[in-house]
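Have a look at the structure below, then the notes.
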Amino acid sequence: MKLDRDIVAVVETNVDDVTGEILSQTIERLFEEGAYDVSTYSYHGKKGRVGHTVRIVCSTDSIEKFVQILIEETGTLGVKVWECTRFIVPRKTISIPVSIENFHGNVNVKVAEFGGKILRVKPEISEVKQIAEKEKITVREALFRVSTSAQDFLQKSTQENKESVSQTKT
């Protein structure tokens, strides 16, 4: 059970005078600029003010860019940074055939495997949204149907591989 690993930076600041709209714009910009992950947490600060911690996970060579974005977008006066090891479950993206209503085509899904077992199957949400819009169904329904198709496809592929290996041995 080997995990991939790399070194990432965690960039973090606390703000107590920023609106939800500003935070939303900041998060959007951080992702557009290549952040691996962005999260916010509420806290109670000094003088009873409610604030938010903004935490970014990014590559170590992009630290200064993300510090600058936080300062520009939120007006923060201080940013903390540290580097850490990130363990990553191996994953791959595959294209699977899907039929939903009048849609017949392929959808990309991310497949995470750990310990020789499929841990998670996650369809590409932008593709699922397009199918939902085109077929006039909810994103939730489209996501369920694509996920089910992906599970069926992977199960069938796994079974075919096992049969192929079995036939080769005999």
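What to note about this one:
- Residue in segment 16-49 that is farthest from residue 74 (Cα to Cα), counting only those that are at pLDDT below 95 and β-branched (Val, Ile, Thr): 19
- Boolean, residue 8 is modelled with pLDDT under 95, surrounded by 12 or more Cβ atoms within 10 Å (Cβ to Cβ) and closer than 30 Å to residue 113 by Cα: no
- Output for segment 50-77, where each listed residue is closer than 16 Å to residue 23 by Cα and free of Cβ contacts under 8 Å to residues at least 40 places away in the same chain: 50, 51, 52, 68, 71, 72, 77
- Screening 66, 31 for residues that are over 25 Å from residue 109 (Cβ atoms) and under 19 Å from the mean Cα position of the chain (by Cα) leaves exactly one candidate, 66.
- Being more than 26 Å from residue 9 (Cβ to Cβ) and among the β-branched types (Val, Ile, Thr) is a property that residue 89 lacks.
- Of all residues in segment 126-136 being touching a residue at least 12 places away in the same chain (Cβ under 8 Å) and of a type in the set (A, V, I, L, M), the one that is farthest from residue 94 (Cα to Cα): 131
- The set of residues from segment 75-92 being surrounded by 16 or more Cβ atoms within 10 Å (Cβ to Cβ) and touching a Ser or Thr at 6+ places or on another chain (Cβ under 9 Å) comprises 76, 79.
- Residue check for residue 83: at pLDDT 95 or above and out of contact with any Asp or Glu (no Cβ under 7 Å at 6 or more places or on another chain): yes
- A single member of 133, 101, 72, 127 is surrounded by 11 or more Cβ atoms within 10 Å (Cβ to Cβ) and modelled with pLDDT under 95, and it is 101.
- Each residue in segment 137-154 was checked for being outside any helix (DSSP H, G or I) and without any contact (Cβ under 8 Å) to a residue 12 or more places away in the chain, and 1 of them qualify.
The values are calculated or read from the model by the stated rules, or taken from the named source; none is laboratory data. Worth saying up front: this structure is predicted, and the values here are computed from it rather than measured. Note: ideal-geometry Cβ built from the backbone for every residue, glycine included; neighbour counts use all protein chains shown.
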